[in-house]
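Just so it is clear, none of the values below were taken in a lab; they were calculated from the coordinates. Quick caveat, the model's predicted, so the values are computed rather than measured. Glycine also receives a Cβ, built like all others from the backbone with ideal geometry; neighbour counts cover every protein chain displayed.
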């Protein structure tokens, strides 16, 4: 059986329905590593490269939202109009791998793999993104918090293709930061996205829990301690970082230790909340 | 394990038939082992080192992370096809004259990455050059001679005496 190459979403969902359990291939930056190292031997592959619906993004000015197709590569988020609309996503996209990886990798891959270290996932979480899933003749919308259910586990059904995500465009400051062992080509040791959206502060953390985490206590503390102009005093920022550390749930693994991650993610949160004010 | 049966790839403008391949073979493997194009090098097999960099539809990507059978109907370009007459490009010449080649293993990938950068951006800043080459690892040169080669190409293309 060859690799199936659908050229429309309806053809892709039909192929998936006809080939239960087929492996969906987007940019390949996760899947091919597993295949190259013999961790996975796919039998049936549906390559989504030629499905135009997945490779587009669009702005809905009335709703104040942007839809990003699951196969839009990160390089299109790093700069240009999308980067203006969702700056935290641009910052996250720029930290993904290398230029070669950013030309191939996409949000659909991050969601499909659902690693807690997926660089775009804290942004989706902080902005309460909606994940759109398509199957034959039907679509389903899932809040990203319900989509990511655990380490490398999501709530996609076997017959569903990730169509894309809808995010609110920025209406307050936002930013993303990540700690790794070097500046390029690195999987995060800890990451965080901060956004002030509709006046309410949100913080989401990557690589410090079984999946991406929000920090309700820290968010509540900050919403009660924001100055009228949205600025944050040094003391409030420090306490915010401490609460974020407390709400993180890191583990020791080959990439770092729980103790370091807990500390680092608090520092990231403290910096992000103030970095936003200065910009 | 299923076979991808039979498919064709367009590499450097030439159509190649690939028969009896396994579905999971990477483009890097197919280029090197089935099509006799060993310019792209295999090292990490996980997109970390950039030594397998090729262009797919004009995008600079790691060929180890492209499933070959998914790249049908795509324009694939490798280092072998940079100059169709077999002569060296200005980037390759500059790598030689500036001493940017030591063991040479990373060179084809870096040459592709430099061509890709300079095709998009005729006068990149130092930071833009470093970021564009951040996915290509060289363990010999310390990168100094590579950046010197890039600077020489930029100067030459912009008509500046180097």
Longest principal axis of chain A (C-alpha) makes with the long axis of helix A:258-278 (C-alpha) an angle, in degrees to the nearest 10, of 70 degrees
Please compute the modelled spin-label separation between residue A:251 and residue B:57, points set 7 Å along Cα→Cβ, answer in nm with one decimal. 3.7 nm
Roughly how many nanometres apart are two label points built 7 Å out from the Cα toward the Cβ at residue B:97 and residue A:235? 6.5 nm
Alpha-carbon spread of the stretch A:53-168, three principal axes, descending order, Å: 34, 33, 24
How would the protein assembly as shown be classified by its alpha-carbon gyration tensor: rounded, prolate or oblate, with rounded meaning a/c under 1.5 and the a/b versus b/c comparison settling the rest? oblate
Hull-based mean projected area of the stretch A:131-279, where the convex hull spans the alpha carbons, in square nanometres: 10.2 nm²
Estimated FRET transfer efficiency (residue A:181, residue B:83; beta-carbon r; R0 45 Å; 0.05): 0.70
Degrees separating the helix B:107-120 axis from the principal Cα axis of chain B, which is the longest one: 70 degrees
Round to a whole angstrom and tell me the spacing of the C-alpha centers of the stretch A:228-242 and the stretch B:69-124. 49 Å
GNM result for chain A, Cα springs below 10 Å: residue of A:179, A:72, A:123 fluctuating most strongly: A:179
Kindly express, to the nearest 10 degrees and within the range 0 to 90, the angle between helix A:216-225's C-alpha long axis and the longest C-alpha principal axis of chain A. 40 degrees
For the protein assembly as shown, what proportion of DSSP beta bridges, expressed in % and rounded to the nearest 5, is antiparallel? 90 percent
Order by neighbour count: B:26, B:123, fewest other Cβ atoms within 10 Å first, most last. B:123, B:26
Add -39500 (n - 2.57) for each DSSP H run of 4 or more in chain A, then divide by its residues: what number comes out at 222 nm, to the nearest 500 deg cm²/dmol? -9500 deg cm²/dmol
Listed with the fewest Cβ neighbours within 10 Å leading, A:215, B:138 appear as B:138, A:215
Quick calc, residue B:6 & residue A:259: beta-carbon distance into FRET formula, R0 51 Å, rounding 0.05, result 0.40
Most exposed first, judged by fewest Cβ atoms within 10 angstrom, A:98, A:207 run A:98, A:207
Quick one: pull the percentage of alpha-carbon pairs in the stretch B:6-79 with a separation above 22 Å. 9 percent
How many nm is it between the label spots at residue A:224 and residue A:40, if each spot is 7 Å from the Cα in line with the beta carbon? 4.5 nm
